[in-house]
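The values are calculated or read from the model by the stated rules, or taken from the named source; none is laboratory data. Quick caveat, the model's predicted, so the values are computed rather than measured. Don't worry about glycine lacking a Cβ; one is built from the backbone with ideal geometry, like all the others, and counts go over all protein chains shown.
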Amino acid sequence: MERTRLYHWLHEAWSLFLNGLLTILPLTLTIAVFKFSFRMLLSWLEPIKRFEPEFIKVIPYSEVILVVLLILLLGLLLRTLIVVPIIHYFESVILKIPLVKPVYSGIKQIIKAYSFHEEGFKQIVMVEFPRVGMYSIGFVTSELPLALAPQKDKKYFNVFVPTTPNPTTGFLLIVPEDQIINVDINRQEAMAMIISGGIIQPDRFTRN
């Protein structure tokens, strides 16, 4: 009897411990990720601090503030269209370097696709993948040229299907128009579902 009570008490204690751990773990890991990322950012910006005037160095994390201000200034200059030709010139030089061109152009295309202000991902859809009867969330990126279409009498689209939990990798599918299912979610909702493995779903569909 005593052993049974002890086992029951240990089981209850273990359940309480797990409940507390699973409650605090997401917050703890989130703080750890942001702390690690912030420390990495500071290490990257360390060279900037060496060239800062003394009166700026007294400000905590002055290098981060300075970089943010410089990025804001660059964004402002880009709106004036003065710096755009210069950036395009430097990009044309970079794209002439054999080993650098595929890396730079690939990263730029990915950033454009995921950017809120670009139309790299034109539409969120569902397609049958990886087999018939199973569906995956994908992003229509462009219409396939007729010369590349498997069947000339059909319209085909390029659909990017991201992987979970890393959406920067995925599969390029060439899907006929009649096999594409439109989905009433925006890009942020789709990315949240993909990254979380379906745990996070749009609130407007889960509210009672």
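Where helices (runs of 4 or more DSSP H) fall wholly inside segment 1-67, the ranges with 3 or more residues that are more than 32 Å from the chain's Cα centre (by Cα) and either surrounded by 10 or more Cβ atoms within 10 Å (Cβ to Cβ) or hydroxyl-bearing (Ser, Thr, Tyr) (or both) are 2-44. Can you name every residue in segment 28-37 that is at pLDDT 85 or above and hydrophobic (A, V, I, L, M, F, W, C)? Those that are at pLDDT 85 or above and hydrophobic (A, V, I, L, M, F, W, C): Ile31, Ala32, Phe34, Phe36.
Pairs are defined by a Cβ separation below 9 Å, a sequence spacing of at least 6 or placement on different chains, a first member in segment 34-62 that is on the phi < 0 side of the Ramachandran plot, and a second member that is exposed (fewer than 10 other Cβ atoms within 10 Å of the Cβ) and among the charged types (D, E, K, R); no pair meets this definition. In the condition set (1) in a strand (DSSP E or B); (2) over 30 Å from Ser92 (Cβ atoms); (3) modelled with pLDDT under 90, Gly138 is compliant with all but (3).
For (1) exposed (fewer than 11 other Cβ atoms within 10 Å of the Cβ); (2) among the small types (Gly, Ala, Ser); (3) more than 13 Å from Phe139 (Cα to Cα); (4) within 22 Å of the chain's Cα centre (by Cα), each residue gets a yes or a no:
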| site | (1), (2), (3), (4) |
| --- | --- |
| Tyr156 | no, no, yes, no |
| Val159 | no, no, no, yes |
| Thr163 | no, no, no, yes |
| Gly170 | no, yes, no, yes |
| Ile174 | no, no, no, no |
| Asp178 | yes, no, yes, no |
| Asp184 | yes, no, no, yes |
| Ile199 | yes, no, yes, yes |
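Close contacts from segment 188-208, counting a first residue that is in contact (Cβ under 8 Å) with a residue 12 or more places away in the chain and among the acidic types (Asp, Glu) and a second that is surrounded by 10 or more Cβ atoms within 10 Å (Cβ to Cβ) and part of a loop (DSSP other than H, G, I, E, B), with Cβ to Cβ under 7 Å and a gap of 6+ residues or different chains, come to Glu189/Pro202. Taking (1) at pLDDT 90 or above; (2) in a strand (DSSP E or B) in turn, Asp178 satisfies each apart from (2).
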